[in-house]
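Trainee: Quick one: structure below, then a few questions.
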Amino acid sequence: MTPRKTETAKTMLAIVVGTLLIYFMTKKVWIIKVSVVIGLIGLLWDGLSKKIEIVWMKLTWLLSLVVPNILLSVIFFVFLTPIAFLSKIFGEKNQLHLKNTSNSLFKETNKDFNKESFERPW
């Protein structure tokens with residue numbers, strides 16, 4: 001597997017935009033200063049911006065290991081578990097017909113088949 005080529009300027013721009021979005025949500029002035037410093041590093045120092053990009057990519061890799069598990073757990077416990085409980089309480093008892101309640105599994109159908117039903121079976 002070959003490592004992906006990344007564009008350092010785009011990564012630095014994404015970090016700057018992300019910090020500015022955090023500023024608009026929190027209204028903390030020091031976040032603007034951090035954003036300006038990161039932007040200047042991205043413009044002026046190529047070596048340092050590559051190191052910041054490496055740290056950023058490692059952080060995103062680490063988050064990719066943690067966030068999906070948390071997100072799927074929240075979806076399971078918040079949405080699927082209550083739906084399953086409600087289905088169990090109010091639903092039909094043998095929905096999948098897994099319990100054999102008759103003497104035979106054969107189901108008899110009284111249906112007349114005509115010529116058209118055999119022409120296009122699917």
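Trainee: Just to be sure before I move on: is Ser64 under 32 Å from the mean Cα position of the chain (by Cα) and among the small types (Gly, Ala, Ser) in the structure I sent? Please lay out each step first, then the result.
Mentor: On the way: under 32 Å from the mean Cα position of the chain (by Cα): yes; among the small types (Gly, Ala, Ser): yes.
For Ser64, the condition - under 32 Å from the mean Cα position of the chain (by Cα) and among the small types (Gly, Ala, Ser) - is met.
Trainee: Inside region 19-42, can you point out the residues that are in contact (Cβ under 8 Å) with a residue 24 or more places away in the chain and not β-branched (Val, Ile, Thr)?
Mentor: In the first step, residues of region 19-42 are kept if they are in contact (Cβ under 8 Å) with a residue 24 or more places away in the chain; the result is 38-39, 41-42.
Gly39, Gly42 - these are the residues of region 19-42 that are in contact (Cβ under 8 Å) with a residue 24 or more places away in the chain and not β-branched (Val, Ile, Thr).
Trainee: Now for a separate question. With Phe85, Phe90, Phe77, Phe118 as the choices, which residue is modelled with pLDDT of 80 or more and either under 20 Å from the mean Cα position of the chain (by Cα) or among the polar types (S, T, N, Q) (or both)?
Mentor: Phe77
Trainee: Which of the residues belonging to region 14-36 are surrounded by 12 or more Cβ atoms within 10 Å (Cβ to Cβ) and over 29 Å from the mean Cα position of the chain (by Cα)?
Mentor: Result: Ile32, Lys33, Val34, Val36.
Trainee: Turning to a different aspect of this structure: Can you tell me which condition Lys50 does not meet? The list is (1) charged (D, E, K, R); (2) more than 30 Å from the chain's Cα centre (by Cα); (3) surrounded by 10 or more Cβ atoms within 10 Å (Cβ to Cβ), and all the others hold.
Mentor: It is condition (2) that Lys50 fails.
Trainee: Regarding Leu65, is this residue of a type outside the set (Asp, Glu), modelled with pLDDT under 95 and surrounded by fewer than 10 Cβ atoms within 10 Å (Cβ to Cβ)? Walk me through how you get there before you give the answer.
Mentor: On the way: of a type outside the set (Asp, Glu): yes; modelled with pLDDT under 95: yes; surrounded by fewer than 10 Cβ atoms within 10 Å (Cβ to Cβ): yes.
For Leu65, the condition - of a type outside the set (Asp, Glu), modelled with pLDDT under 95 and surrounded by fewer than 10 Cβ atoms within 10 Å (Cβ to Cβ) - is met.
Trainee: Okay, next question. Give me the pairs: first residue in region 44-60 and of a type in the set (Phe, Trp, Tyr), second residue surrounded by 12 or more Cβ atoms within 10 Å (Cβ to Cβ), beta-carbon distance under 7 Å, and six or more apart or on different chains, which are they?
Mentor: Listed pairs, sorted by first residue: Trp56/Thr11; Trp56/Ile15.
The values are calculated or read from the model by the stated rules, or taken from the named source; none is laboratory data. What you see is a predicted model; the values in this text were computed from it and never measured. A quick note on method: Cβ atoms are made from the backbone with ideal geometry, for glycine too, and the neighbour counts reach across all protein chains shown.
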